[in-house]
1. Is there any pair linking a residue in region 167-191 that is farther than 30 Å from residue 25 by Cβ to one that is open to solvent by 70 Å² or more (accessible area, probe 1.4 Å) and part of a helix (DSSP H, G or I), with Cβ under 6 Å and at least six apart or on different chains, and which?
2. Is it true that residue 300 is at pLDDT 80 or above and surrounded by 14 or more Cβ atoms within 10 Å (Cβ to Cβ)?
3. Residues being under 38 Å from the mean Cα position of the chain (by Cα) and open to solvent by less than 40 Å² (accessible area, probe 1.4 Å): count how many of those fall in region 344-383.
4. Take the residues in region 180-196 that are at pLDDT 85 or above and out of contact with any Gly (no Cβ under 9 Å at 6 or more places or on another chain); name whichever of them is most open to solvent (accessible area, probe 1.4 Å).
5. Within region 212-248, how many residues turn out to be assigned to a helix (DSSP H, G or I), of a type in the set (Gly, Ala, Ser) and in contact with a Gly (Cβ under 9 Å, 6 or more places away or on another chain)?
6. Under 7 Å between Cβ atoms, which residue pairs at least 6 apart in sequence (or on different chains) link something in region 61-86 that is without any contact (Cβ under 8 Å) to a residue 40 or more places away in the chain with a partner that is open to solvent by 40 Å² or more (accessible area, probe 1.4 Å) and outside any helix (DSSP H, G or I)?
7. Out of region 208-245, which residues are more than 20 Å from residue 193 (Cβ to Cβ) and exposed (fewer than 13 other Cβ atoms within 10 Å of the Cβ)?
8. Does at least one position in region 26-40 carry a residue that is of a type outside the set (Gly, Ala, Ser) and more than 24 Å from residue 159 (Cα to Cα)?
Amino acid sequence: MRRRIVALVAGMITLVVLAFVIPLAILVRHTVYQDATKSLQDKANRIANYLRSGYTSPTEKQIAAYLAALPGDSSACVELASGVIVGTQPPGGVPALPAGQPGEGNGDDHGGGPQQPVLAGYRSGQISQLTVLDPDTRGMTVVRVFATDSQLHSGETGWWLLLGGSAVGLLLVGIAGAELLTRRLVRPLVRTAETAQQLSVGEIGARAPVDGPKEIADVGKALNRLADRIDELIAEERETVADLSHRLRTPLTALRLDAEALRDPAEAERVGTHVSSLERLLTAVIHAARRPQREGRMPSCDATEVVGERVAFWSALTDEQGRACTVSLPSSPLPVRAAAEDFSAAVDALLENVIAHTPEGAAFAVRLSAAADGAQLEVSDEGPGIPDDSDVRGRSDRGSTGLGLDIARRCAEGSGGSMSIGRSPSGGALVTLLVHSP
């Protein structure tokens, strides 16, 4: 975004600069050319004044020395009344004057001023011609000053360099100003967007910056107020769930007492087992509801440790059933964005799925490895495989609750990861959990 804004500002500045520079360049070219042609006329007048400065005409040698000392690149010559030409002639020889010009406007005494020089185009250049009365012979002396078009335009280079340098300088100053301005505008926006992304993945403690321009600061403040409100609602919801769970302990205690009062010991033991299971479930709900206060808003655990513990827990049953188990774990801790209880429940769900839905003696493998964004857990078996719709919440198979795979999926997605189901090399099931790092 910042680059696009800077490019847009640079383009606008370029258009504005060109809108001024191009007309100025044309004006400079015209002005320099006019000044150069005026200089030709002035030079012709200076030569004419020199020829008229005394009561006697200067010698050819004096005229040649005077012409050589004149500044400028233009060539000058003087055609004396005798026909002798002193100085540098124009290329191609001496041009003929326009009709009627040689004798016009000349005085017949020494004090008469010279006429206005004639300016005409000649052989890719301009020539300025002026006739002067020779005080000795009373004949006409012709002064000619010639300059090529390239000489007439030679003064434009410096002006064009100045215009080009000014244009480039204005463009650089504009780009620098746009860069500073966009940084002031874009940086708070980028950080606000990052805060929104963090909030979307559950980092409720993330807050947007409130500096920068007023409008952007207002957006950050509004986002922070929204995050605070979300945090309050989550806390209220979790406390409500915990309170409701606590209230259920009273009827649960009464139910336990009723179970113990049963006359049939087997029936009392069966009902008591169900009551104990329900009590553990309520305890887990209370712990989960109050987890943000105990573990912070972004829970985490060591996936290597959790997987190792859960595989060891289920090993007694798998050994009894004669199942070969292949376990591959990293040698170092592998942190993931999930509470230890949640990740343990997900691993338990996958291992229980293997035991419940594969024949006794079927081998399985557990492989935990580091991924680009966290950890990847693969549980594969040599059973018949998982039907395509078994991960749909609420479905049941072989008397199960149908929530095992959904528990694992929610754990992975809660961290920003995913769950996929496929086929193992032996044709059995392959469940892959991708759990992101904190």
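The values are calculated or read from the model by the stated rules, or taken from the named source; none is laboratory data. Everything numeric here is computed off the predicted structure, so don't read it as measured data. In this analysis, Cβ positions are derived from the backbone assuming ideal geometry, glycine residues included, and neighbour counts consider all displayed protein chains. Remember, those area values only see protein heavy atoms, side chains included, never the ligands or the DNA or RNA. Shrake-Rupley method; radii C 1.70, N 1.55, O 1.52, S 1.80 Å.
1. Sorted first by the residue in region 167-191, then by its partner, the pairs are 182/2; 186/2.
2. Yes.
3. Adding up the residues that qualify gives 6.
4. Checked region 180-196; the qualifying residue most open to solvent (accessible area, probe 1.4 Å) is 194.
5. Initial filter on region 212-248 (assigned to a helix (DSSP H, G or I)): 214-248.
Among the residues that remain, those that are also of a type in the set (Gly, Ala, Ser) are: 217, 220, 222, 227, 235, 242, 245.
Subsequent filtering for residues that are in contact with a Gly (Cβ under 9 Å, 6 or more places away or on another chain) retains 220, 227.
Qualifying residue count for the region: 2.
6. Close Cβ pairs (under 7 Å, with a partner that is open to solvent by 40 Å² or more (accessible area, probe 1.4 Å) and outside any helix (DSSP H, G or I)) amount to 64/87; 67/87; 85/79; 85/94.
7. Result: 232, 233, 236, 237, 240, 243.
8. no
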